[in-house]
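Q: Below are the structure tokens for one structure; questions will follow.
Please treat every number below as a calculation from the coordinates, not as lab data. This is a predicted model, so every value here is computed, not measured. Heads up, the Cβs are rebuilt from the backbone with ideal geometry, glycines too, and the neighbour counts pull from every protein chain shown.
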Ligand SMILES: NC(=O)c1ccc[n+]([C@@H]2O[C@H](COP(=O)([O-])OP(=O)(O)OC[C@H]3O[C@@H](n4cnc5c(N)ncnc54)[C@H](OP(=O)(O)O)[C@@H]3O)[C@@H](O)[C@H]2O)c1
């Protein structure tokens, strides 16, 4: 089958590209790229140079090579940028997914659309798929509007995957959510990290696996986990585990279902504050956590309002075979994190 991935050079997309052979064995994988120059040349993936805001070009390419399934990742993914660029943000985060949904409908393709935990207001966590979204920022409101539009156009041919805060190997453009923390641990400028903002983070590697799982279900194909038996952790009992050993947060989850859900939460097994995430990274690297400064959300106003706790209850995804590990387990399998730790060990100093 032919699979399209948009945003293949992004922070999440590059991880889908790296793992494409494992995630979609035997499929033809096509990745849209805005500029061919930023394409690192992942084996087994065909780059398709395309500015996705070019509606005519998009339709032409879609008709020439219609996919059976599409993972839509390209977006304006920075909430602060979206707050300050309303027109461009709407074009990328609402008009583009709507146009893609209409093309999918016309050509009979299944759509997996990447949305965000930020569609919730953060006041009643953890959030399962049935929870009512109440976006507090422009980015989140646009993503929620797009969620509704793709479902309106495609019905059950669309799966919306809500992704949480992610960490992972840097994108070709150098995007890396923990870069400031690593720099602070290396003696650079201090990193101010919230003690009152909680998330259920996952690695981009786990995100790639979760998105692939959703697409396989949407295509009506069995999901064969791309890891050897026993390699990935057992599913957690609750939606997420609080970071202070307080046990599962909720009663046993939903019964496994094998068809494609309309909504799928791809959160991690642990609820952590940004500050605790930094402290655990320091411990994993074996360096002191000096340089990490605990702050409150109110201390650091940003363009986009920030919900306090958008922890996801991801028991439906766990029941379907999604297996994100704890932070340390995921860092253990990310090449760039392994390299930083090896450098620290070799030098006997903080990461450089
Ligand atoms: N990162 C997170 O923590 C997070 C959390 C929750 C949800 N999400 C969602 O996950 C998805 C992926 O996020 P990400 O962090 O990977 O974003 P990203 O790193 O900013 O990547 C965005 C991608 O979209 C592409 N793109 C943007 N405008 C384009 C255009 N006009 N034509 C073609 N391509 C275009 C970019 O191409 P270039 O490389 O050419 O710029 C890039 O490949 C998004 O839908 C985001 O909303 C992300």
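Q: Using the alpha-carbon atoms, what tilt in degrees (0 to 90, nearest 10) does helix 204-218 show relative to the longest principal axis of the chain?
A: 30
Q: In whole percent, what relative contact order does region 265-352 give with Cα contacts below 8 Å and a gap of six or more residues?
A: Rounded, it is 38 percent for region 265-352.
Q: So for each of 54-60, 43-49, 132-138 I average, over its residues, the number of other beta carbons within 10 Å; can you give me the resulting order with the highest mean first?
A: Numbers: 54-60: 12.6, 43-49: 15.0, 132-138: 17.7.
Top of the packing list down: 132-138, 43-49, 54-60.
Q: Of all beta bridges DSSP finds with both residues in the chain, what is the antiparallel percent, to the nearest 5?
A: Working: 2 of 38 bridges.
Within the chain, antiparallel bridges account for around 5 percent of the total.
Q: Further question: Using only the Cα atoms, work out Rg/Rh for region 121-214, with Rh taken as the Kirkwood radius, to two decimals.
A: Using Cα coordinates only, the ratio equals 1.02.
Q: Let me ask something else. Is the chain best put as rounded, prolate or oblate by its Cα gyration tensor, with a ≥ b ≥ c the root eigenvalues, rounded for a/c under 1.5, and otherwise prolate when a/b is larger than b/c, oblate when not?
A: Note, shape of the chain comes out rounded.
Q: Peptides 200-206, 342-348, 73-79: what's the order by average Cβ count within 10 Å, highest mean first?
A: Ranked by mean Cβ neighbours within 10 Å, highest first: 200-206, 73-79, 342-348.
Q: Report, in deg cm²/dmol and to the nearest 500, the calculated mean residue ellipticity at 222 nm for the chain, where each DSSP H run with n ≥ 4 adds -39500 (n - 2.57) and the sum is divided by the residue count.
A: -9500 deg cm²/dmol
Q: Further, regarding this structure: Give the angle, between 0 and 90 degrees and rounded to the nearest 10, that separates the Cα long axis of helix 274-285 from the longest principal axis of the Cα atoms of the chain.
A: Around 70 degrees separate the two axes.
Q: Considering the chain as a Gaussian network with a 10 Å cut-off on Cα pairs, which listed residue, 215, 111, 182, attains the greatest mean-square fluctuation?
A: Of 215, 111, 182, the most mobile in the Gaussian network model is 182.
Q: Further, regarding this structure: Could you tell me how many degrees, from 0 to 90 and to the nearest 10, lie between the Cα long axis of helix 96-107 and the main elongation axis, the longest principal axis, of the Cα atoms of the chain?
A: Value to nearest ten degrees: 40.
Q: Continuing with the same structure: Cα extents of region 287-352 along the three principal axes, largest first, in whole Å?
A: 41, 39, 18
Q: Then there is this: Which whole-number percentage describes the relative contact order of the chain, with Cα contacts under 8 Å and a sequence gap of 6 or more? It would help to have the intermediate numbers written out before the result.
A: Values: 727 pairs, mean separation 72.5, N = 352.
Relative CO of the chain lands at 21 percent.
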